[in-house]
Amino acid sequence: MKSFCAVFLAAFALYAATLHPALAPYRDAGEMSVAASTLSVAHPTSYPLYVQLGHMADMVPLGNRAYRLGLLSALGAALAVALAFWLARRRFGAAAGAAAALLLALNSTFWSVAQVQEMYALNALLALALLGLAWRLGRAYDERTWLFFALAYGLFLGNRLDLLLWAPGLIWLALASGLKARHAAYWAGACLLIFPVLMVGLGSNFPIVALVVGTALWLCPDRGRRPRWTALSAAFAALGLAVYLFLPVRSATRPFLDWNHPAVLANFMESLLRSRYGGTLDLLSTNYAKGELFADNLAFYARHLWDNFSAAGLALALAGCVLALRRRPRGWLGEAAAWWWSGPVFLFMANLPPNPHAAAIVEPHYLLSDLILAFWAAEAVGVAAERFRPGRAAAWALCALLAIVPLWRGRAARMDRRWHLFSYDYARNVMLSAPPGSTLAAKKDVQLYTLWHYQRVQGWRPDLRLIAQGLAGSPWYQADWRRRGDVYVGPLRDAQGWRTLAKLDAPFFATMDSEVPSELAAAARGRGLLYSWNDEAPAVNDGLWALVARRGRYEYEGQPDFFTSDIVGNYAQARYQAGRDLYAAGAAQAAEDAFRQAWAWQWNFPEPANFLGYMFFVKGDYAAAGRYYSWAGRFGERTLELAERYRSLPDLKAAVRRSAADVFMQLGVVAEKAGAAAAAQGYYRRSLELAASAQVHYNLAVLFWSRDPARAGLELQEALRLDPNHPEARRYLAVLRARGSER
């Protein structure tokens, strides 16, 4: 017990010392904070156990309210590390316990979830508790422990339902000790192959539920009393799962957040099954064929393992896997099933594109499979210490190596979030930018949920109306706003929906992460970190920037996580919008400074360089214009490469192509003005390779007008084919034809 406490205190000190001082800019942290504080219904599967535990943590008078939830994660993570140490030590020895604790504690993904207001750290603790119970039942079955296991499993699923992925393996570990080898082979085939194929083919979670129930019934330890055993097991599991009854009960009281309104039975079932919110991990996955992105997801997973386990840890995990298979094949099969379902099968079902956003979404889900690998590595260390005379010293040397490698790579410095104030400052600056009584639309999770947190939990700016663009088309969300009688909310998918909202009797704004229709974006002005369409607003609100707080390193590249980079990108977009407003108001030098600042914050952002090129082109400085347009062209090409690599959706790739094509057209115009006809022709051709354009064909016709009239005529004809209403192309083609008839 002393060693358990020592490991716990060391881990808790590490996580508490590196904890975010306020809300972390991480996935659903703001939503979870709001749900815990207000006892609301979060997005499916709504996580009722975490919400209720978080509500209790929220009442502890220690620090700000986001910090209290962060401490809950740090506490759960530290207990998980201590439990991993204790379980591995009991099974394989002290050195093995140290190896398991180090591999988990210094895992950067695990360390990151120990710092944020989410349920992942608690999920690791609960998974380890279930694994320990399964191992205990495998050694010596007794009915009381089994019923407690069933109760705990049902309850723990109230934190995250993905614990169900471990259920076939854990039930096997608990009940299969006396099974014959040939029966084990049958079950292995069903668990590792047949049921995953069924799950993928049906696109449903039912096969894994059937596998769990079938495994438990088949392995019933008392065949003569199977009906009684089955009824008791189901009753205790259902008693644990009763935590989900919190959802309809709380939903009936109409809390602030009432996602999908599960007070209605059909909605409750949809929330449990996640069928309306998204059948797999994220709605992004539904845009791709089943398994289309499996290889990309495996590549991400492999990089995660290499970064977190290092060569030494992976070698130990592989050795431990082989040793477990030889020494205890039935136990190995249960652990392998848990790894298989929470690793490769999960990644196949997730089917997310290989971009930084998707990687940030899926990375915490690697942790369940990481736990199995950590125990296999611990087993290898324990066997080495047990079997060989110099093995004990070598085992402790391996433990030291497992600690030294991540620290040598600078992991402790990268994971230090003590002064990470990006989300705090973002919320402050957005609310500073909004006049009293404003209506704000926001889209992305981190930005929207951060504003929710600081308004609903911290009490900032209660006069603001925050509209969730992504939810605005959901019936339950619209019903909530109608119930409040506050403001009309309709779908914000097109310009008409935005115009309807903008006509309300309140100043209307949108955050920089919102997806604003192009025709409205062109008419927008900037106000701090917001887009504005209010006629009474001044043409330039640049004075707000003197009040905008920016603590930390505001550079898009090199941030500790994708979500922080995304917030920095919003500042770059806002400064770019300010530059456009300043230029329109005639303040050219101030506009240039704003564009340069936006470019400094996000160097691969093509729009500031593009506009700077335009500014110098208007001034007649074609050399400077060419330099800026060249940079914009490089960024456009780079963005297009990333869109292809990230397997972006066709609409996004088409938009990137059009944007890059426009830059190369401008480069062609600059080269033509500078008298470099050959270079101009090359730029125009590159523009057409990216996207067909009547204007580019017209520009080529102008380029060939004197040198090759026939070629000019062909280009004009192509311009009119693409745009029959192009006036200059029609007029000059008529001139060419008239000249031809005269000849």
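The values are calculated or read from the model by the stated rules, or taken from the named source; none is laboratory data. Bear in mind the structure is a predicted one, so any value in this text is a computation, not a measurement. So basically every Cβ, Gly included, is an ideal-geometry build from the backbone, and we count neighbours across all protein chains shown.
Take Gly740 and decide whether it is at pLDDT below 90 and at positive phi.
For Gly740, the condition - at pLDDT below 90 and at positive phi - is not met.
Mind listing whichever residues of segment 483-525 are aliphatic (A, V, I, L, M), over 27 Å from His357 (Cβ atoms) and in contact with a helix residue (DSSP H, G or I) (Cβ under 9 Å, 6 or more places away or on another chain)? Walk me through it before giving the result.
Of all residues in segment 483-525, those aliphatic (A, V, I, L, M) come to 487, 489, 492, 495, 501-502, 504, 506, 510, 512, 516, 520-524.
Keeping just the survivors that are over 27 Å from His357 (Cβ atoms) gives 487, 502, 504, 506, 523.
Passing the criteria: Val487, Ala502.
Going through Ala643, Ala655, Ala625 one at a time, which residue ends up being assigned to a helix (DSSP H, G or I), under 39 Å from the mean Cα position of the chain (by Cα), in contact (Cβ under 8 Å) with a residue 12 or more places away in the chain and within 30 Å of Leu352 (Cα to Cα)?
That would be Ala643, the only listed residue that is assigned to a helix (DSSP H, G or I), under 39 Å from the mean Cα position of the chain (by Cα), in contact (Cβ under 8 Å) with a residue 12 or more places away in the chain and within 30 Å of Leu352 (Cα to Cα).
Give the residue that is modelled with the highest pLDDT, with candidates limited to residues of segment 271-302 that are assigned to a helix (DSSP H, G or I) and among the aromatic types (Phe, Trp, Tyr).
Tyr301
Applying the selection to segment 289-329, what residues are among the β-branched types (Val, Ile, Thr) and in contact with a helix residue (DSSP H, G or I) (Cβ under 7 Å, 6 or more places away or on another chain)?
None; the set is empty.
Just for segment 452-483: of the residues that are in a helix (DSSP H, G or I) and of a type in the set (Ser, Thr, Tyr), which one is surrounded by the fewest Cβ atoms within 10 Å (Cβ to Cβ)?
Going through the qualifying residues, I end up with Tyr477.
Would you kindly identify the helices (runs of 4 or more DSSP H) lying entirely within segment 505-612 that contain at least 1 residues that are under 19 Å from Thr450 (Cβ atoms)?
562-584, 588-601
Count, please, the residues in segment 217-258 that happen to be more than 18 Å from Phe149 (Cβ to Cβ) and not basic (Lys, Arg).
15
Within segment 435-451, how many residues turn out to be surrounded by fewer than 24 Cβ atoms within 10 Å (Cβ to Cβ) and in a helix (DSSP H, G or I)?
1
For segment 239-277, which residues satisfy the criterion of being hydroxyl-bearing (Ser, Thr, Tyr) and either surrounded by 17 or more Cβ atoms within 10 Å (Cβ to Cβ) or under 11 Å from Ser46 (Cβ atoms) (or both)? Walk me through it before giving the result.
Residues of segment 239-277 that are hydroxyl-bearing (Ser, Thr, Tyr), as a first pass: 244, 251, 253, 271, 275, 277.
Of everything in segment 239-277, those that are hydroxyl-bearing (Ser, Thr, Tyr) and either surrounded by 17 or more Cβ atoms within 10 Å (Cβ to Cβ) or under 11 Å from Ser46 (Cβ atoms) (or both) turn out to be Tyr244, Ser251, Ser271, Tyr277.
Going by the conditions given, is Leu471 among the hydrophobic types (A, V, I, L, M, F, W, C), out of contact with any Asp or Glu (no Cβ under 7 Å at 6 or more places or on another chain) and without any contact (Cβ under 8 Å) to a residue 12 or more places away in the chain?
The answer is yes for Leu471.
All but one of (1) of a type in the set (Gly, Ala, Ser); (2) over 32 Å from the mean Cα position of the chain (by Cα); (3) buried (at least 18 other Cβ atoms within 10 Å of the Cβ); (4) closer than 23 Å to Ala427 by Cβ hold for Ser565; state the number of the condition that does not hold.
(2)
Please work out which residue is surrounded by the most Cβ atoms within 10 Å (Cβ to Cβ), limiting yourself to segment 219-230 and to residues that are in a helix (DSSP H, G or I) and touching a residue at least 12 places away in the same chain (Cβ under 8 Å).
Trp229
For the structure I just gave you, tell me whether Ala315 is in a helix (DSSP H, G or I) and free of Cβ contacts under 8 Å to residues at least 40 places away in the same chain.
Considered against the rule, which asks whether it is in a helix (DSSP H, G or I) and free of Cβ contacts under 8 Å to residues at least 40 places away in the same chain, Ala315 comes out as yes.
Which members of segment 617-673 meet the condition of being within 22 Å of Ala600 (Cα to Cα) and among the polar types (S, T, N, Q)?
Hits for segment 617-673 are Ser630, Thr639, Ser659.
Find the residue count for segment 389-436, including only residues that are under 14 Å from Leu103 (Cβ atoms) and more than 23 Å from the chain's Cα centre (by Cα).
11
Is it true that some residue in segment 111-120 is under 16 Å from Val7 (Cα atoms) and assigned to a helix (DSSP H, G or I)?
yes
Mind checking which residues of segment 674-731 are out of contact with any His (no Cβ under 8 Å at 6 or more places or on another chain), in a helix (DSSP H, G or I), aliphatic (A, V, I, L, M) and under 24 Å from Ala655 (Cβ atoms)? Steps first, answer last, please.
Applying the first criterion (out of contact with any His (no Cβ under 8 Å at 6 or more places or on another chain)) to segment 674-731 yields 674-687, 689-693, 696-697, 699-714, 717, 721, 723-728, 730-731.
Those left that are additionally in a helix (DSSP H, G or I): 677-687, 689-690, 696-697, 699-704, 709-714, 717, 721, 727-728, 730-731.
Subsequent filtering for residues that are aliphatic (A, V, I, L, M) retains 677-680, 690, 696, 700-703, 710, 712, 714.
Answer for segment 674-731, where residues must be out of contact with any His (no Cβ under 8 Å at 6 or more places or on another chain), in a helix (DSSP H, G or I), aliphatic (A, V, I, L, M) and under 24 Å from Ala655 (Cβ atoms): Leu690, Val696, Leu700.
Look at Ala317 and say whether it is crowded, with 21+ Cβ neighbours inside 10 Å and of a type outside the set (Val, Ile, Thr).
yes
Residues that are touching a Leu at 6+ places or on another chain (Cβ under 9 Å) and under 30 Å from Asn297 (Cα atoms): does segment 721-734 have at least one?
no
Could we say that Arg638 is out of contact with any strand residue (DSSP E or B) (no Cβ under 6 Å at 6 or more places or on another chain) and touching a residue at least 40 places away in the same chain (Cβ under 8 Å) here?
no
So for segment 74-85 (the condition being more than 25 Å from Lys2 (Cβ to Cβ), assigned to a helix (DSSP H, G or I) and either among the β-branched types (Val, Ile, Thr) or under 22 Å from the mean Cα position of the chain (by Cα) (or both)), does at least one residue qualify?
No, that holds for no residue.
I'm checking my understanding of the structure. Among residues of segment 1-47 that are of a type in the set (Phe, Trp, Tyr) and surrounded by 23 or more Cβ atoms within 10 Å (Cβ to Cβ), which one is nearest to Asp561 (Cα to Cα)?
Taking the candidates together, the pick is Tyr26.
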